[in-house]
Amino acid sequence: MHTVTAEEVVQFRRAGYMRIPRLIDDQALGELRAAYDTLIADGASNPGTRDALLGGLTRQIVRPELSHPLFRDNAALQAGRAIARELRGWDEPAFFYSQLLFKPPGHPHATPWHQDDAYGVKPFAAAGIRLSHQTLQFWLALDPADVDNGCMHFHPPVGEDCLLPHRVAAGDPEDDARLLGLESEAEIIEPALIVACPLAAGGVTVHDSGTLHYTPANRSDRPRRAYIFNFANPAFLASLT
């Protein structure tokens, strides 16, 4: 299990993301791969699990824990909770959301630059609202992930800690599976500042809900299986009910 250092906490709060080369061991990785492949092949068994294309483009399975018991509790969630506690100081980080994202070999679609806070309301949250900093997303690579097959990319913070203008990049604006992207990407993203985060299988990136991020198309002959899970400040979740 990764032990977060004081230096990493400072760096995370400045940049909004971190890269951990290995979060889980080979046994846990193999178990998650098997569970992931079962859901991709057989689909969801519980109606609460949403199996749909993100923006009509990329296969996603939302709330896989309702259709497979391993996603309710596993080594990645246990390690992630401890890391969230260290990064944010939350006494008991609350499980908030999870999904599986699959880009098969040759998948031509990128996931555009966006901030997760934009998904807070439909079709997207208004530009200019203060970023919440209440959730953390863990992006776990179940396959080696690199620039060729669609690893995570990050960009430094832009502006005054506020949500940037977004648009519906693909899909029905009122559908949960809509795909959002920055409205004026070319004016906001500076190519020289982009940081690609390749990962070995079992590695993870962690980012804040306001951090700008993107994944490219899978231009390789290899699959890119990603398991995403979020933790939140429990006080924030309580305020939503």
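The values are calculated or read from the model by the stated rules, or taken from the named source; none is laboratory data. Note that the structure is a prediction, hence the values are computed from the model and not measured. Because the Cβ atoms are built from the backbone with ideal geometry, glycine has one as well, and the counts that use them run over all protein chains shown. With ligands, DNA and RNA removed, areas are computed over all heavy atoms of the protein, side chains included. Shrake-Rupley method; radii C 1.70, N 1.55, O 1.52, S 1.80 Å.
Screening HIS166 with (1) within 20 Å of THR58 (Cβ to Cβ); (2) more than 18 Å from the chain's Cα centre (by Cα) gives one miss only, at (2). When each of GLU65, GLU86, GLU92 is tested for being assigned to a loop (DSSP other than H, G, I, E, B) and either without any contact (Cβ under 8 Å) to a residue 40 or more places away in the chain or more than 18 Å from the chain's Cα centre (by Cα) (or both), the lone residue that passes is GLU92.
Number of residues in segment 89-126 that are open to solvent by 50 Å² or more (accessible area, probe 1.4 Å) and in contact with a strand residue (DSSP E or B) (Cβ under 7 Å, 6 or more places away or on another chain) equals 6.
Could you look through segment 131-151, keep only residues that are hydrophobic (A, V, I, L, M, F, W, C) and within 13 Å of GLN115 (Cα to Cα), and pick out the one that is surrounded by the most Cβ atoms within 10 Å (Cβ to Cβ)? Within segment 131-151, the match that is surrounded by the most Cβ atoms within 10 Å (Cβ to Cβ) is LEU136. Mind listing whichever residues of segment 22-51 are buried (at least 16 other Cβ atoms within 10 Å of the Cβ) and at pLDDT below 95? Result: ALA44, single match. Residue-level analysis places ASN230 among those that are open to solvent by 10 Å² or more (accessible area, probe 1.4 Å) and polar (S, T, N, Q).
Of all residues assigned to segment 4-14, none qualifies as being modelled with pLDDT under 95, outside any helix (DSSP H, G or I), touching a helix residue (DSSP H, G or I) at 6+ places or on another chain (Cβ under 7 Å) and open to solvent by 40 Å² or more (accessible area, probe 1.4 Å). Here segment 158-186 is the region considered, the condition is being part of a strand (DSSP E or B) and in contact with an Asp or Glu (Cβ under 7 Å, 6 or more places away or on another chain), and the residue that is surrounded by the most Cβ atoms within 10 Å (Cβ to Cβ) is HIS166. Take the conditions surrounded by 19 or more Cβ atoms within 10 Å (Cβ to Cβ) and within 22 Å of PHE236 (Cα to Cα) and apply them to ILE83. Does it pass? Considered against the rule, which asks whether it is surrounded by 19 or more Cβ atoms within 10 Å (Cβ to Cβ) and within 22 Å of PHE236 (Cα to Cα), ILE83 comes out as yes. No other residue among ARG59, ARG19 is in contact (Cβ under 8 Å) with a residue 24 or more places away in the chain, open to solvent by 70 Å² or more (accessible area, probe 1.4 Å) and not in a loop (DSSP other than H, G, I, E, B) apart from ARG19. Just checking, does segment 117-135 include any residue being of a type outside the set (Asp, Glu), within 24 Å of GLU8 (Cα to Cα), in contact with a Ser or Thr (Cβ under 6 Å, 6 or more places away or on another chain) and modelled with pLDDT of 95 or more? Looking through segment 117-135, at least one residue is of a type outside the set (Asp, Glu), within 24 Å of GLU8 (Cα to Cα), in contact with a Ser or Thr (Cβ under 6 Å, 6 or more places away or on another chain) and modelled with pLDDT of 95 or more.
Scanning segment 189-219 for residues that are surrounded by fewer than 19 Cβ atoms within 10 Å (Cβ to Cβ) and out of contact with any His (no Cβ under 8 Å at 6 or more places or on another chain) turns up PRO191, ALA192, PRO198, ALA200, ALA201, ARG219.
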